[in-house]
Amino acid sequence: MKFVKKLIITLVLLALIAVSVILYLGYDMYKKVTTQTSIADKVAQIESSANYIPIEEIPDSFKKAIVATEDHRFYDHNGFDMIAFCRAMVTNVKDGELSEGGSTISQQLGRNMYFTQEKLFTRKIAELFVSFELEDTYSKDKILEYYINTIYYGNGYTGIKKASQGYFNKTPAELTLYEATLLAGLPNAPSAYSPTKHIELAHKRQNQVLNSMVREGYLSEDVNK
């Protein structure tokens, strides 16, 4: 019994040490990238793009579709969603790999601003610290605006302006509900859901987006009937 207790204590201590090391390395990564280029400078770069679209010119249907699909508690958390994180960790343990991240919109924006898509624990911690700074500095609507302008929609289209023009030859403000919900499903897996290559999968993903909007109260249940 004493051996078991000592083993458990040892394992707990080792786990705490490992977590502490990952937190330190992640924070150090965050400090290095934001010291090299501040978040304010990164935001200025985003806003200075010729393809930048302010949130007032983005249809409500698209904004609601993105929030419902990517981070439905976006307006309730401070950049980190514990529920989504725990759910993702359970999935990762089952899969034996980092198949899910449980990242919020703020975390994804931080990743788009500074990091690659490489799945590392230290990078996840670094983007979390970036998300906290974003949440402390900017409004939720601004964070959503920056996110929509920096995510990748496939076919070489980064940002909502390029995506709406490339896929539908329209400005974002002209998007219909059908077009908005189709685009909102792409960032999850742009290649797999490309409407120009895999239209059936794109429509399947679109139905998931519509169902998420119904669940969150953004649409009525008969919208896709």
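Read-outs: derived from the displayed coordinates by stated rules, not from any lab. Owing to the predicted nature of the structure, the values given are computational and were not obtained by experimental measurement. For neighbour counting, all protein chains shown are included, and Cβ atoms are generated from backbone atoms with ideal geometry for every residue, glycine included.
Computed quantities for the displayed model
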quantity: Segment Glu57-Asn188, extension gain: residue separation times 0.36 nm, minus the distance between their alpha carbons; calculated: 44.9 nm
quantity: Under DSSP loop assignment and at most 13 Cβ neighbours within 10 Å, longest GluC sites (Glu not before Pro)-free interval of the chain; calculated: 119-220
quantity: Mean separation of Cα contacts under 8 Å (6+ apart) over length of region 112-177, as relative contact order %; calculated: 16
quantity: Assigned charges on the beta-carbon of Lys, Arg, Asp, Glu; region 2-215 dipole about Cα centre (debye); calculated: 860
quantity: Estimated [θ] at 222 nm from DSSP helical runs (n ≥ 4, -39500 (n - 2.57)) normalised by residues in the chain, nearest 500; calculated: -20000 deg cm²/dmol
quantity: Proximal lysines to Lys161, defined as alpha-carbon separation beneath 23 angstrom and excluding residues fewer than eight positions away on the same chain; calculated: Lys42, Lys63, Lys64, Lys140, Lys142, Lys170, Lys197
quantity: Degrees between helix 140-150 axis and first principal axis of the chain (Cα, 0 to 90, nearest 10); calculated: 80
quantity: Between helix 60-70 and the chain: long-axis angle, C-alpha atoms, 0 to 90°, nearest 10; calculated: 30
